[in-house]
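Here is the structure we will look at.
The values are calculated or read from the model by the stated rules, or taken from the named source; none is laboratory data. Note that the structure is a prediction, hence the values are computed from the model and not measured. For neighbour counting, all protein chains shown are included, and Cβ atoms are generated from backbone atoms with ideal geometry for every residue, glycine included.
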């Protein structure tokens, strides 16, 4: 009798254990949780082993956001309690099994409106469940400073530090415990450039991204346009399949295809950022009215020509402090450059996939050199192209302007552009002939 009971008990235990094994084999695994805090929302990302089925809702008193994952277990080695909590909106994270699934509870500081969506695998990530937490309270937006009718307004330079948040951009070698990340390096360079511009009379910098969060490519363009920016500069650090490739490059938008195979490959890679960064369900190829208005009006020759001029001047300045991958402005279909009315350039400060160059880009001293070159390029461009009513334009009208010779420039062409004569330019600069060289700085006399 005892033997029979023991046999039945063992059989039941074996069946139960086998059921647990089968369930875990087919269950979704929760592999990690991370957060990114942006100015207007907090993004919570759950790494999962397959496409998640979930319920998302809120609870009050106290305020909580609840994510119930169906048929889910914890991945081996992952402890939700160790997940970092970011920003002012989320105060804590709790997680525990619930039935056949797993419940994640976010303790929040105020009532939030959660929006959830799933993302299919895109390198370097697998499946993701993304929950964006927006405040129920109406946001107090800062009034946009429209162009003023009075003289001497500042020119506005929109600085876009590429990637951010879920999208790390290119990855370099390890320094200490972590790898050099493009999103970190370019934000540091952008901050240095911002400081230089804000210290210069007549300039005002606008940082498109101010922290470690992702902004959709079309939104970056929209931010620059809403601020009435006079120039948009998107800053990146390049990567390529071969670690031996190095050097900085400058790009503008092309309406007829890429100027080289590398430019085409790079544009395709950068334009995938929305997939990596987590823009749920958004395609850059849709043809709605907003996209047509903001992104795809390429008929404005003046804006495109101004972008090329800005690019040429940036190439000149960067070549003084950095090795150049290409000594000419390249062109390709970068989504972030597709503004119809804001001259736009994309600067690849170097190849972070090259170990030596990555370490230079990580260095504060080298970042300062790059930021200085970018500032000088912007200043050279604005001394020629500053809009009427700005302080820079007024200074040009009062006492001439400093001009850096770009590739293809001629004295006669410069004279026509500035409504002066070749003779006056020669007299102002002590030139006896027509020969000039790229990088040479001359004075354009006023009047």
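For the stretch 193-217, the set of residues classified as touching a helix residue (DSSP H, G or I) at 6+ places or on another chain (Cβ under 6 Å) and not in a strand (DSSP E or B) consists of 193, 196, 202, 208, 214, 216, 217, listed by residue number.
Restricting to the stretch 356-378, name every residue that is surrounded by fewer than 21 Cβ atoms within 10 Å (Cβ to Cβ) and closer than 24 Å to residue 230 by Cα. Answer for the stretch 356-378, where residues must be surrounded by fewer than 21 Cβ atoms within 10 Å (Cβ to Cβ) and closer than 24 Å to residue 230 by Cα: 368, 369, 372, 376. Step by step: first the residues of the stretch 380-399, then only those that are under 31 Å from the mean Cα position of the chain (by Cα), over 18 Å from residue 248 (Cβ atoms) and assigned to a helix (DSSP H, G or I), then the one that is modelled with the highest pLDDT. Which residue is that? So the residue we want is 382. Within this structure, residue 433 fails the test of being on the phi > 0 side of the Ramachandran plot and modelled with pLDDT under 90.
When the strands (runs of 3 or more DSSP E) confined to the stretch 61-109 are screened for residues that are under 22 Å from residue 41 (Cβ atoms), those reaching at least 1 such residues are found at 64-69, 90-98, 101-108.
Conditions (1) farther than 20 Å from residue 313 by Cα; (2) at pLDDT 90 or above, marked per residue:
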| site | (1), (2) |
| --- | --- |
| 174 | yes, no |
| 180 | yes, yes |
| 189 | no, yes |
| 193 | no, yes |
